[in-house]
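Just below is one structure, and these are the notes that go with it.
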Amino acid sequence: MTHKPREIVTAVALGLPAVLGAGVFAGFAPAAGLAGWWLLPALAISALAALCSAFSTADQSRAYPDVGGGYGYVRAQLGVWPARMTASAHLLGRCAIAAAVALMFGAYVVPDRPVVGALALVVTTALLGAAGFRFTAGVSLLVSAVVLGVLALVVAASFSIPPVPSAGEAGTVNELVGVAGLMFAAFAGFERITAPLRGERQHSPAVLKVAIPVLVGLTFAVCLAVGAGVLRQLGSARLALSPAPLRDALVAADSAALVPLVQVAAAVAGVAALHFVLRSAHRTLTGLTEDGDLPSRLRPAVLSLVVVLASALAAVLMPFDVALGVGACGTLFYYAFTNASARVLLQNDRTWPMRTACLGLGLSVLLAMSMPVPALLISLAGLGAGTGLIGLTSALRRRRAASRPHPPQARTAARS
C-alpha cells in the first residue's frame, strides 16, 4: 500500500469538524418543511454532488498548490471574470453558512436570545483565530469524538421509545431536488482536506483516494441516521417547526437529561465549523488582494474583520432557514465554477476522471437552481453585486495606477 491507515484517519479527523455543523444539528427542520421524509433520499444526491466537487478541488489543489482556493483555480483555468464570480459566490456562501452555524449555536445554547448567542459565537471564534488557535489533528479528533458520540446518543434515544402520533405530515416529493441543494450545506466543509490553507499539510493523492470517500460517506451515514431519528420521533410537521431538532427529539423521547450534552456538542461543533468557514473566506479575500482585484493595502487583520462583520450582519438579518439556503446556494454556484475549471485540467494533472467534474458541474447547477426561491434570489443578487463590485474596484485601481506620472514624467513636471 502507498498510504498509511494513520494518515487516512488523520485526514478524516481533520475534515469532520468542518462538516458537522449547522446541517446536521438544525438543517433537518427547513428540509422537513419542504420535503418531509423525502429529505432522506435527498441526502444521497447531496452526498454525490459533494463527492464530485471534493474530487475536483483535490485535483486542482495538487495542480495549483499556492493559489487561493477555488478563486485561484478558476482564475488559472478560466480567466479573470469567471474567477471574480467564483470569489463572489464563495464569499456569499461562506458568510451565510457562518450565519447559519452561529444561529444554530444560539438556538441550542442560548435559546431565549439566539441572535445574541450567534453574535457571541462569531466574535469568540474570530478572537480564537486571531490568537493563533488552530484545529490540529489531535484537537479535531477530540471534537469529532465528542460530536459523534452525542449524535449517537440522540439517534439511540430517538429509536428507543415509540413516538407520539403526529398530527400530520409536511413536505412533498416535488421538493426533493431543492432539499438536496439545501442539505448540501451539511457536506460543504470537505475542502478542509482537499484544499488545505497555506502552511497546512497537503495530503497525498493516495491518502485522498480513500479519505475523501470515507469523509463524505461517513457524513452521509451520520446525517441519514440523525435525520431518520428526529423524523421518527417528531414527525415531519413538528420537525419543520423546531429551531433545535436534536433537543426537541430528546425531550419527546423522554431523554431530556441528555439535552446538556447536545448543547455541549452544538457549542463544540459550532466553534469548529465556524473556524473553518471564517478562514476559508479569508483565503479568498487574500487571493483577491494578491491578484489586484481588491486594494493591496488591505491587511490580513482588516480582511478578517470584513469577514466577521459580514457574517455577523448575515446572522442578524437572516433567519436560520434563509441563511442555510443562501449558504448552500452560494456554495453550489462556487462549486459549479470549480468543477467547470477542473474539467480543463490536463490528464497528467488528474487523480480522478474528468467525468466526475462534469457530473459535479451538472449537479451543482441543478441543485442551486432548485433551491427555495428566496435563497435563490438572494444568492443571484449577491453574486451579481459582488462580481460587479470586485470588477469596479479592480478597474478603479487600474485607472488610478495609470493616472500616476512615471518617475521621469514627475521630474519633468517638477522642473517645469
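Between 0 and 90 degrees, the angle of helix 114-130 with respect to the longest Cα principal axis of the chain falls at about 50 degrees. Cα centroid separation, segment 192-238 to segment 75-151: 16 Å.
In the chain, the calculated helix contribution to ellipticity at 222 nm averages -25500 deg cm²/dmol per residue, counting -39,500 (n - 2.57) for every DSSP H run with n ≥ 4. Grab the other residues whose beta carbon is less than 12 angstrom from that of Gly199, score K and R as +1, D and E as -1, and report the net. Result for the neighbourhood of Gly199: +3. The per residue volume of the convex hull around the alpha-carbon atoms of segment 5-397 is 117 Å³. Taking other Cβ atoms within 10 Å as a rough exposure proxy, Lys4, Lys209 sort from fewest to most as Lys4, Lys209. Each of Asp254, Asp349 has some number of other Cβ atoms within 10 Å of its Cβ, and from fewest to most they run Asp254, Asp349. A Cβ-based charge dipole, computed about the Cα centre of segment 1-95 with Lys and Arg at +1 and Asp and Glu at -1, lands at about 100 debye.
For Thr393, Thr57, Thr136, the sequence from fewest to most other C-beta atoms within 10 Å is Thr136, Thr393, Thr57.
In segment 5-397, taking the dipole from charged Cβ atoms about the Cα centre, the farthest positive-side position among Ala180, Thr125, Tyr64 is held by Tyr64.
Toward the positive end of the charge dipole of the chain, with +1 on the Cβ of Lys and Arg and -1 on the Cβ of Asp and Glu, the farthest Cα among Gly235, Phe320, Ala11 is that of Ala11. Under the convention that each Lys and Arg Cβ holds +1 and each Asp and Glu Cβ holds -1, the size of the dipole of the chain around its Cα centre is about 1720 debye. A simple spin-label model places the labels of Trp81 and Leu346 2.8 nm from each other, with each point 7 Å out along Cα-to-Cβ. Net charge in the neighbourhood of Pro300 (other residues with Cβ under 13 Å of its Cβ; Lys, Arg +1, Asp, Glu -1) is +4. Charge tally for Leu128 (other residues, Cβ to Cβ under 15 Å; Lys, Arg +1; Asp, Glu -1): +2. With a simple spin-label model that places each label point 7 Å from the Cα along the Cα-to-Cβ direction, the separation between Leu313 and Cys358 comes to 4.2 nm.
Once the Cα atoms are used to define both axes, helix 205-240 deviates from the longest principal axis of the chain by about 50 degrees.
Rule-based calculations on the coordinates, nothing more; no lab input. Since the model is a prediction, treat every value here as computed from it, not as a measurement. Neighbour counts run over all protein chains shown; Cβ positions are idealised from the backbone, glycine included.
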